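The values are calculated or read from the model by the stated rules, or taken from the named source; none is laboratory data. All of these numbers come straight from a predicted model, not from anything done at the bench. Every residue, glycine among them, receives a Cβ derived from its backbone with ideal geometry; neighbour counts consider all protein chains shown.
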Amino acid sequence: MRLNRSTKTGGGKRGPGKGGSLESGRRAPASPGEAGEAPDSMRDRRGAWRLSLLDLDAAGLEAFLAGIGEQAFRARQIREWVYRRNIIDYAAMTNIPAMLREKLSSDLPADPFASCEPVRTASDGTEKLELATRDGERIQTVIIPQDQRVTLCISTQAGCALACAFCATGAAGYRRNLTRAEILGQVVHSTARSGRRISNVVFMGMGEPLLNYRNVMSAVRELADENGLAVGTRKITVSTVGVVQGIIRMCSEELHPNLAISLHSADQRQREKLAPSARKWKLDEILEAAELYAAACGRPVTFEYTLIDGVNSSQADADRLGKLLKKRSAKVNLIPVNPVPGMKFKPPDGDSIRRFKLKIEAYGIIATLRTGRGSEIQAACGQLKPQV
Ligand code: SF4
């Protein structure tokens with residue numbers, strides 16, 4: 001099938017929708033968008049969707065304040081508290097008049113989360129936070145310090161409908177999309193927690209980002225805003241299992257973050273066993289969409305490949321991957337599978353990993369090996385799952 005740049009993601013039905021069952025008993029995923037474009041606001045304790053401060057961009061906040069008779073400079077003041085000082089509590093915004101703070105507290109709640117708690121810290125400094133949304137969902141964020149950099153791995157959905165065979169998030173099922181405020185709130189809370197500027201943001205936590213397209217791209221724009229969080233577009237990575245329509249849609253965005261595609265296999269049938277979504281978004285379509293995106297952003301796409309012993313890590317698998325990606329604008333990131341309680345997969349031994357990497361490099365492909373930062377605290381790829 002030739003891909004069409006004008007292909008749109010589907011509309012806003014909530015819930016994972018219907019899908020065929022897999023050999024593993026997991027269900028095939030929903031159509032793009034069927035998992036639901038989230039509303040622009042969070043659900044309060046009474047169950048009504050409610051706008052919160054971080055849902056609004058600069059223009060939106062100015063418009064909101066104008067609506068209650070306030071001037072535009074107040075929006076700049078509030079945004080500086082949030083995005084420069086990492087404070088999402090009106091009570092602490094001392095240059096805002098008390099009456100306005102009171103009004104905003106009731107009409108435009110500042111913090112989209114009811115709580116933000118550190119869960120565990122690994123010996124390498126990687127820290128996992130668990131945040132509770134106002135309607136009781138629990139999501140996780142991982143802070144990964146490394147030398148001068150601090151990388152943040154954020155979630156885009158509460159749960160995930162895509163049920164990849166090796167992923168704890170997928171095994172826990174899908175709850176709902178996160179709002180723009182809940183996505184950005186993870187960054188603000190994490191920055192406050194770490195006490196350091198976040199240098200890189202990866203959308204690789206819980207959920208499939210491109211099934212929450214509108215809120216994810218709105219958050220990307222806010223992250224990149226020079227007057228706000230100022231994380232450069234090249235320091236932001238959106239990771240997808242291969243939601244083709246979402247990748248095509250990203251081509252026509254003004255900003256082009258890095259794109260990572262979770263491939264896991266160069267064989268269509270093997271891929272379907274590891275990632276049920278492969279039944280819907282076929283390898284050749286994903287590769288074609290990736291080429292379009294690489295051309296649109298002027299940088300190669302990264303293909304992530306989870307290495308699983310006895311499943312997809314043989315020399316023949318490496319050969320297939322090399323043949324598939326050679327001559328493409330692509331890099332490969334190899335990720336030895338991280339242990340998940342109750343799942344039988346284990347990573348290959350060091351020698352097999354090294355030989356796999358050498359084999360694909362022989363095809364002229366740049367390959368990197370991801371270290372399992374945070375795996376000892378269940379904070380690495382595929383391990384995120386609420387504590388309760
Ligand atoms: S690996 Fe990503 S897309 Fe697959 S189930 Fe887990 S969170 Fe969802």
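Summary table
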read-out	value
Residue tally, condition away from the ligand (no atom under 14 Å from the Cβ), in a loop (DSSP other than H, G, I, E, B) and at pLDDT 95 or above, over the range 146-197	1
The range 329-365: number of residues that are of a type in the set (S, T, N, Q) and either free of Cβ contacts under 8 Å to residues at least 12 places away in the same chain or outside any loop (DSSP other than H, G, I, E, B) (or both)	2
Residue satisfying condition, being hydrophobic (A, V, I, L, M, F, W, C), within 22 Å of residue 354 (Cα to Cα) and surrounded by 17 or more Cβ atoms within 10 Å (Cβ to Cβ), within set 324, 283, 287, 259	324
Any hit, the range 350-371, residues being away from the ligand (no atom under 16 Å from the Cβ) and under 30 Å from residue 176 (Cβ atoms)	no
Residues of the range 216-237 satisfying the condition of being within 16 Å of the ligand (Cβ to nearest atom) and buried (at least 24 other Cβ atoms within 10 Å of the Cβ)	216
Matching entry among 328, 355 (being at pLDDT 95 or above and of a type outside the set (A, V, I, L, M, F, W, C))	355
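For every residue, the table says whether it meets (1) touching a residue at least 60 places away in the same chain (Cβ under 8 Å); (2) at positive phi.
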position: 227; (1), (2): yes, no
position: 237; (1), (2): yes, no
position: 247; (1), (2): no, no
position: 254; (1), (2): no, no
position: 286; (1), (2): no, no
position: 291; (1), (2): no, no
position: 310; (1), (2): no, yes
